[in-house]
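Everything below concerns the one structure shown next.
The values are calculated or read from the model by the stated rules, or taken from the named source; none is laboratory data. Just so we're clear, the structure is a prediction, and the values are computed from it rather than from any experiment. Glycine also receives a Cβ, built like all others from the backbone with ideal geometry; neighbour counts cover every protein chain displayed. Ligands, DNA and RNA are excluded from the accessible area calculation, which covers all protein heavy atoms including side chains. Shrake-Rupley method; radii C 1.70, N 1.55, O 1.52, S 1.80 Å.
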Amino acid sequence: MGHDHNAAGASHGNFKQYTIGFILSVILTIIPFGMVMGGGFDRGVLVTAIAITAVAQVLVQLFFFLHMNTSSEQRWNMIAFIYTILTIAILLVGSVWIMNYLHYNMMI
């Protein structure tokens, strides 16, 4: 997809990209909301649907609104984003592991 560039070389989307991103965001919001409000779904199905649409929503936001892609202009932004995600994952997994370890030792 073509991007418009300003004098500083920053990439900006066009009206079509923003419209597509907005429509996808609305759809990805309505799907889990409708499933929860409509009822009749198993809890596991709801959690799975919410998780999948949440990940898709993040990808839509990153691509259509933050213009993150694999182009050479966005390489450092992508590296910083991946580093942030890995740091958060390490903190979350480490915290849960420590709490589980403490819980196990308190029950002995």
Cα-derived Rg over Rh, computed across region 52-99 with Rh taken as Kirkwood radius: 1.10
Table column - 3J(HN,Hα) (Hz), region 88-93, Karplus curve with 6.51, -1.76, 1.60, x for Gly and Pro: 5, 4, 5, 5, 5, 5
Burial ranking of peptide ranges 75-86, 60-71, 33-44 (average Cβ count within 10 Å, highest at the top): 60-71, 75-86, 33-44
Rounded D (µm²/s) - the chain, Kirkwood Rh over Cα pairs, Stokes-Einstein at 4 °C, 1.567 mPa s: 75
With all protein chains modelled, accessible area of Val55 [1.4 Å, Å²]: 90
